[in-house]
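Heads up: the structure comes next, in structure tokens.
The values are calculated or read from the model by the stated rules, or taken from the named source; none is laboratory data. As the structure is a computational prediction, the values presented were derived from the model and not from experiment. So basically every Cβ, Gly included, is an ideal-geometry build from the backbone, and we count neighbours across all protein chains shown. Just the protein is used for accessible areas: all its heavy atoms, side chains included, with ligands, DNA and RNA removed. Shrake-Rupley method; radii C 1.70, N 1.55, O 1.52, S 1.80 Å.
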Amino acid sequence: MLLSLLLFQPSISCASVSMTLPQYINEILLNNHSLRAGIKSVEADYYSVLASVANQRPSVSATTTGQYATKQQGESNVFAGNVGIRLTERIDISGSYKLNEKQSILGYEASRASFHNTINTLIAAAEETWWSAVLARENMKLQKEILLQRSENHRVTMEKFNQELVPKLDIVRSEAQVVDAEATAKTAETSYLNLLAELSLMAGGIDVEPVDEELQVPEFDVAVNFEEALEARPDMRAARLNLERAKLVKKLTAKGLSPTLDFGFQFTAWADPEFAATPNNRQAGASLTLSIPITDGKGTKYRTLNSDRLIQAAEANLDALRETTRRDITVAMNNWRNAAASEQDKQRQVERSEEELRITELMYAEGMGAQIDLINAQTAYQAVRTEYLSSIRSMYVALVALRKAIGDYAPDENGTWKEARARYGKGNDVIGETGLMLLRTYK
């Protein structure tokens, strides 16, 4: 029997690190590969915004040309060349530049809000898995305890059989109970190890396990306010930003037939012969070109209609997320109330079942009780203890779902485009702050 118990010791690597929940969350923020990929995607969107407004700035280029022609009919070989500098810029006379800049920044902020939603979802999943692992470990300990009880009962039954006090059937039953307890204990261990593998995956491959401490029944410590949740949830923020951006895109698209004004300046630093370039050698020239589109095959019209439908889709998506938030909060609250009531009920059942099992074991050991009563008491005790642990897990899961529903796991930023625009001059500091912001949020 000792060998059997040794086989059921959890095969956790010696390299596993015991952590508290806050330490584990920090490991995720530092090492989770999905988050690191998300940060880089946000940085890429940042540079995409800068690239999108590059056409608003003057463009400067150096030009050089050369031509060479061989002599014909006694004439000399001909060479012509020039070197010049050209500056061009499109002057915004329709207001498109400002709209394009705003919609690009809003796109960046929406991307950042979506990344924050990824954080909210990932940390919620990590905490739920954490508490599932904690309760799985408690269940593993319980099943081993039950295995010891049934092994002891089997020993007592064997002694009674040797004294011819019980029939062979009692031996078969008690042995079957031990085998069943062994299988249940092994299943509980496997579930725990699988959850540790999930924890390791979310922490970037680090082998971790929850610190072994006394299990506490959670208390309700979440301030729930529907309107505040709508403001805090990052997916709601992303939806609002996408709606605002869609409206700007429609205004920008409607300017598809707006006139354009191009300014050009060119200086010829060298030309041989002098008339080989325009302007001539050491001369400068400037130009203004006004273009007034007349028709584009109704492209602007249909692109504007397309933008209008995207606005309607963004509005519908915002309404859907609003109702999803209401649903998530309601379901989480209902699950909490149910789990809390179940925990109190199961706690009372555990107390009664423990007393019933103690009395039944004593009566059986003294030869005053039937084995079938003992088996029934053991089975009921195992079931109610397992259900009690399940009710505590449900309480933790409900709290996690509630925190996720109100956006508690996401960084607290309003995500407006003006804030992003004010940071644009900081260069790489913006990138550094993206990662540091995550750590400051959870430390």
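Keeping the other protein chains in place, figure out the carbon and sulfur percent of the accessible area of region 281-337, with a 1.4 Å probe. Can you show the working numbers first?
Details: 2150 of 3980 Å².
In region 281-337, the share of accessible area belonging to carbon and sulfur is 54 percent.
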Ordering Thr121, Thr187, Thr260 by how much accessible area each has at a 1.4 Å probe, largest first, what is the list? Thr187, Thr121, Thr260
Nearest 10 degrees is fine. How inclined is helix 299-365 to the longest principal axis of the chain, computing both from alpha carbons? 20
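Between their Cα atoms, which of Lys250/Lys298; Lys98/Lys251; Lys40/Lys102; Lys251/Lys298; Lys255/Lys301; Lys250/Lys301 are more than 18 Å away from each other? It would help to have the intermediate numbers written out before the result.
Details: Lys250/Lys298 15 Å; Lys98/Lys251 11 Å; Lys40/Lys102 22 Å; Lys251/Lys298 16 Å; Lys255/Lys301 10 Å; Lys250/Lys301 11 Å.
The answer is Lys40/Lys102.
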Which residue, chosen from Leu230, Leu215, His154, occupies the Cα position most advanced towards the positive end of the dipole of region 127-237, where the dipole is computed from +1 (Lys, Arg) and -1 (Asp, Glu) charges on Cβ about the Cα centre? His154
Roughly what would the spin-label model give for Thr20 and Asn162, points 7 Å off Cα along C-beta, in nm? 5.2
For the chain, build the charge dipole from Cβ charges (+1 Lys, Arg; -1 Asp, Glu) around the Cα centre, then report which of Tyr97, Met363, Ser353 sits farthest towards its positive end. Tyr97
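Ranked from highest to lowest mean number of other Cβ atoms within 10 Å per residue, what is the order of the peptides 317-325, 218-226? Kindly include the intermediate steps, with their values, before the conclusion.
Numbers: 317-325: 14.4, 218-226: 12.2.
Order by mean packing, descending: 317-325, 218-226.
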Tell me the label-point distance for the pair Tyr97, Thr121, using the 7 Å Cα-to-Cβ offset, in nm and rounded to one decimal. 3.9
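Expressed in nm to one decimal, what extension gain is obtained for the pair Leu87 and Glu219 from 0.36 nm per residue of sequence separation less their Cα-Cα distance?
Values: separation 132, 0.36 × 132 = 47.52 nm, distance 6.83 nm.
Residue separation times 0.36 nm, minus the Cα-Cα distance, leaves 40.7 nm.
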Please give the FRET efficiency for Met363 paired with Val179, using the beta carbon to beta carbon distance and R0 = 22 Å, rounded to the nearest 0.05. 0.35
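What's the Cα-based Rg to Rh of region 83-177, Rh via Kirkwood?
1.75
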Work out the length of the dipole vector of region 332-404 about its Cα centre, built from +1 on the beta-carbon of each Lys and Arg and -1 on the beta-carbon of each Asp and Glu, and round it to the nearest 20 debye. 680
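Using helices alone, what [θ] at 222 nm do you get for the chain, with -39,500 (n - 2.57) per DSSP H run of 4 or more residues, divided over all residues and rounded to the nearest 500?
Values: 11 runs with 289 residues, N = 443.
Value at 222 nm, helices only: -23000 deg cm²/dmol.
Summarise the accessible area of region 117-207 (1.4 Å probe, protein heavy atoms) by the percent that is carbon and sulfur.
Working: 2260 of 3990 Å².
For region 117-207, the apolar C and S fraction of the accessible surface comes to 57 percent.
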Residue-wise, which Karplus ³J(HN,Hα) couplings in Hz belong to region 83-89, taking 6.51 cos²θ - 1.76 cosθ + 1.60, θ = phi - 60°, and x for glycine or proline? 10, x, 10, 10, 10, 9, 7
Output row, site Asn338, 7 Å Cα→C-beta label point, backbone N cut-off 12 Å, window region 129-161, residues none
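Rounded to the nearest whole Å², what accessible area per residue is found for the chain with the 1.4 Å probe?
Values: 24380 Å² over 443 residues.
Roughly 55 Å² per residue, with all protein chains present.
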